[in-house]
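Okay, so here's the structure we're looking at.
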Amino acid sequence: MAKTVLVINSGSSSIKYQLVDLESGEGLASGLVEKIGEPIDGHYKHEYNGEKHELEEPIHDHEQGLKRVLGFFEEYGPKLADAGIVAVGHRVVQGGSLFPKPALVNDKTINQVKDLAVLAPLHNGPEAKGAEVMRALLPDVPQIFVFDSSFFFQLPKASSTYALNKEIADQYHIRRYGAHGTSHEFISSVVPEVIGKPAEGLKQIVLHIGNGASASAEISGKPVETSMGLTPLEGLVMGGRTGDIDPAVVFHLIRNAHMNVDELDALFNKRSGMMGMTGFGDLREVHRLVAEGNEDAKLALDVYVHRIVGYIGNYTAQMGGVDVITFTAGVGENDDIVRKMVCEKLAPFGVKLDEEKNAKRSKEPRVISTPDSSVVIAVIPTNEELAIARKSAAIAEAGEDTYGNKFAK
């Protein structure tokens, strides 16, 4: 009988889900719940066996949304009981210092995830709520929290520590936690097989570039650096986020623009980045503007690439070299222009891009550098759902997590 895991990504007003086949690694069914708690009709989409089913209706809360999702599985398939579901895995952005590993969902861990919302206010609360609801709806199936921050909990102290007053940093748990860790861990684990080199001693940089974007550096599969920090705001330029910026800009805007905390939060996280510079967070629209001769868009794209190249240089120096650079996520996997711009900046260091391979669209892992390139350049589709499913299944099979929490039906 097949073994599957239902992976849930619960946001403040949306829920994404996928039923993952553990043997094949494929998503058997997937869907989306949008506009939860909004005054307009919400939207459901459930896809299975090549068919798409959609529904519009008011969605008052996560409980209503998830009940409807389970109804879709019953009505349109596959029925979860017949699909051999062994666990439900819940993606959580922030595990703080409490969760270096995945954890079983119970009253204690739900409350801990809620408490950690001070470090990820847009994410942890809804993620805890989603797990709370699913635990009630499927009480006989183990529910597992899988934390985006866990992979980077292994960062060296020199990388994870801010040069902030130690007492303040300790009191308010301020350190660099990173994000997108599930994706970075997945990619760095499959790179050796894709490029045909042993994992031991391999120095790699992973560029997870989508609407949110982050870079990481790994040696022998262990993280040594990442671009996101206490929150996902730090690092690369993103769709709506500034990325790195002088923190004194905050003081300047408070004093001169009389902006409050909420206004600054929205400005830095939603109204900046590519959106703030061009009016579009989608790189496809930015490329269109560049092609039309828009100077603001051209500058924005140059800033975007400049920041990526800067992190590559930093990480190469920190590791004492680099063997492979991998592009992943929405932009990294699909945007041949950005990949080409980045690699052209690295050409003086012997990086050579195979332009034909780079231009080809594919969903398969592939090498896009020439055989004589000083660094292997790869494109590997990320699969966070599969990584979450595997981690969740391992805990479900063991019946307990590393913190001593046990699953009892």
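Say we look at region 355-389 and pick out the residues that are surrounded by fewer than 21 Cβ atoms within 10 Å (Cβ to Cβ) and in contact with a strand residue (DSSP E or B) (Cβ under 6 Å, 6 or more places away or on another chain); which of these is nearest to Val324 (Cα to Cα)? Among them, the one singled out is Val367. Filtering region 211-225 to residues that are open to solvent by 10 Å² or more (accessible area, probe 1.4 Å) and under 12 Å from the mean Cα position of the chain (by Cα) leaves Asn211, Gly212.
Among all residues of region 147-170, there is none that is farther than 21 Å from Ala266 by Cα, touching a residue at least 60 places away in the same chain (Cβ under 8 Å) and of a type in the set (Val, Ile, Thr).
Starting from residues that are farther than 13 Å from Leu66 by Cα and among the hydrophobic types (A, V, I, L, M, F, W, C), keep the ones in region 7-42 and report whichever is modelled with the lowest pLDDT. This residue is Ile40. Here is a list of conditions, (1) open to solvent by 10 Å² or more (accessible area, probe 1.4 Å); (2) in contact (Cβ under 8 Å) with a residue 60 or more places away in the chain; (3) farther than 17 Å from Asn383 by Cβ, and Glu185 meets all of them except one; can you say which number that is? Only one criterion is unmet by Glu185, namely (3).
For Lys203, the conditions (1) of a type outside the set (Val, Ile, Thr); (2) within 19 Å of Gly95 (Cβ to Cβ); (3) touching a strand residue (DSSP E or B) at 6+ places or on another chain (Cβ under 9 Å) all hold with the exception of (2). Taken over region 304-317, the criterion of being over 11 Å from Val206 (Cα atoms) and either hydroxyl-bearing (Ser, Thr, Tyr) or surrounded by fewer than 17 Cβ atoms within 10 Å (Cβ to Cβ) (or both) is satisfied by Tyr304, His306, Val309, Gly310, Gly313, Asn314, Thr316, Ala317. The single residue among Ala120, Ala81, Ala103 that is at pLDDT below 95 and either under 23 Å from Asp170 (Cβ atoms) or open to solvent by less than 40 Å² (accessible area, probe 1.4 Å) (or both) turns out to be Ala120. Name every residue in region 106-115 that is open to solvent by 10 Å² or more (accessible area, probe 1.4 Å) and either of a type in the set (Val, Ile, Thr) or not in a helix (DSSP H, G or I) (or both), in order of residue number. Within region 106-115, Asn106 is the sole residue that qualifies.
When each of Tyr17, Tyr44, Tyr76 is tested for being more than 24 Å from Glu400 (Cβ to Cβ), surrounded by 14 or more Cβ atoms within 10 Å (Cβ to Cβ) and more than 24 Å from the chain's Cα centre (by Cα), the lone residue that passes is Tyr76. Within region 199-227, being in contact with a helix residue (DSSP H, G or I) (Cβ under 8 Å, 6 or more places away or on another chain), of a type outside the set (D, E, K, R) and over 20 Å from Ala300 (Cα atoms) holds for Ala199, Leu202, Gln204, Ile205, Val206, Ser216, Ala217, Ile219, Gly221, Pro223, Val224, Thr226. Checking each residue in region 273-282 for being open to solvent by less than 50 Å² (accessible area, probe 1.4 Å) and either closer than 15 Å to His306 by Cβ or without any contact (Cβ under 8 Å) to a residue 24 or more places away in the chain (or both) picks out Gly273, Met274, Thr278, Gly279.
Which is assigned to a strand (DSSP E or B) and either assigned by the TED database to the domain that holds His46 or open to solvent by 30 Å² or more (accessible area, probe 1.4 Å) (or both), of Gly71, Gly130, Gly95, Gly89?
Gly89
In this structure, Val331 does satisfy being open to solvent by less than 40 Å² (accessible area, probe 1.4 Å), within 12 Å of Ile209 (Cβ to Cβ) and not small (Gly, Ala, Ser).
The values are calculated or read from the model by the stated rules, or taken from the named source; none is laboratory data. Everything quoted here is computed from the prediction, not taken from an experiment. Note that each Cβ is placed from the backbone with ideal geometry, even for glycine, and that neighbours are counted across all protein chains shown. Heavy atoms of the whole protein, side chains included, go into the accessibility calculation; ligands, DNA and RNA do not. Shrake-Rupley method; radii C 1.70, N 1.55, O 1.52, S 1.80 Å.
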